[in-house]
1. Just to confirm a number: summing +1 for Lys and Arg and -1 for Asp and Glu over residues other than GLN57 whose beta-carbon lies under 15 angstrom from that of GLN57, what do you get?
2. In nanometres, what is the gap between the two model label sites at ASP4 and ASN326, each 7 Å from Cα along Cα-to-Cβ?
3. Quick one: net charge of GLY218's neighbours, Cβ under 9 Å, K/R +1, D/E -1?
4. Given the pairs LYS5/LYS266; LYS263/LYS304; LYS179/LYS299; LYS126/LYS260; LYS176/LYS263; LYS196/LYS260, which span a C-alpha to C-alpha distance of over 32 angstrom in this model?
5. Scanning the chain for helices, which whole DSSP H stretches are 24 Å or more long along the axis (Cα) and average -1.0 or more by Kyte-Doolittle?
6. Over the chain, what is the percentage of antiparallel beta bridges among all DSSP beta bridges, to the nearest 5?
7. Rule-of-thumb check for the stretch 135-254: C-alpha Rg over 2.2 N^0.38 Å?
8. For q values of 0.21, 0.28, 0.31 Å⁻¹, compute log₁₀ I(q)/I(0) with the Debye formula on a Cα-only model of the stretch 240-292, without solvent.
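Read-outs throughout are calculated quantities, based only on the coordinates presented, and are distinct from any laboratory measurement. Fair warning: this is a prediction, and the values are worked out from it, not measured in the lab. Glycine gets a Cβ as well: all are built from the backbone with ideal geometry, and neighbour counts include every protein chain shown.
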Amino acid sequence: MNMDKQYILAIESSCDDTSAAVMDNDFLCLSNVTASQKVHQQYGGVVPELASRAHQQNIIPVVDVALKNAGITKNHLSAIAFTRGPGLLGSLLVGVSFAKSFSQALSIPIIDVNHLEAHVLAHFVKDDINQEVPCFPYLCLLVSGGNTQIIEVDSSNKMIVLGKTIDDAAGETIDKAAKILSLPYPGGPHIDRLAKEGKVTLSFSKSHIPNYDYSFSGLKTSILYTLRDKLKEDENYIKDNINDIACSVQEAVVDTLLSKFEKALKATNIKTIAIAGGVSANSLLRERFVALGNKYHCKTFIPKFSYTTDNAAMVAACGMFKFKNNEFSTLDLTAYAR
Ligand code: KG4
């Protein structure tokens, strides 16, 4: 414990992970504790009511461990940051209510954080004080379960969305393909694992839409119809070719993601690039993203695996920027789903 430092606690509860982190005013992450909810696996997707109940059970123990791991007590905190939205309303309300009441008990301010901005600012979470962080502006490809966006990040509070999906997100597309293959939810990590043993044998039709926007609904339908036709010819097609199917799906999604991102990169001529969000854990996407950065002589930032999916450390980074700018929230605010 350094008496010259200031510490914030951050809470993330937007979906099915209850997470708490402690960060100091140099953006050094002192703890990042996450309780994942296994209860949803049997339903093939997140059940909102079960998620809220699990958050209620998890939040106090998770915060307690986060404070202990950071080597501080609640009395050393200067503020509490929390995810206000977007996400599942019932899940968010648990984090919002906890942050408000804890801040009242400690007489410290609260800081509301947008979940997507937190993903984009995850690159500022430091595990080591000398760790390099991006310089503004940087171009960020945000790919999570529900969002696919190309964002020009001019500063911590000025982000311009250059392109976004007009229908499904990349993560949803991968999860849907995984469901057709009868893989457990969420399917992304399973597709990634199986693809390593396969090769690209199928090509799917992709949507062509203008500008930097994405559309994944055509690809999703094409995957469905292609596999349906293959199964008509051979009922064991999926079982016998699962690695190649996973590899083909992964290739199609990564290709789509990077072709639009490259277009935006050329147009903006920005020289620092980053990926963020759950799908940024994908090994092919990481590999190709680094190659793209090399091709355009960019400085490339790839998040640590623990900062790709939902986590409170990224909420702490976003919260720390706001803390330094004295951007505090009032108690009358509430969670928002969208
Ligand atoms: O950012 P995130 O944790 O949740 C949202 O806030 O949406 O992202 C979850 C998404 C899921 O679609 C999951 O299948 C995907 O990230 N994902 C992956 C991998 N790991 C997680 N997709 C592809 N490859 C992976 N290794």
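1. Neighbourhood net charge equals -2.
2. 2.3 nm
3. Around GLY218, the surrounding residues sum to +1.
4. In this structure, LYS5/LYS266; LYS179/LYS299 exceed 32 Å between Cα atoms.
5. 48-70, 89-106, 217-233, 237-268
6. Here the share of antiparallel DSSP bridges comes out near 60 percent.
7. 1.19
8. Here the Debye-derived log intensity ratios amount to -0.80, -1.19, -1.30.
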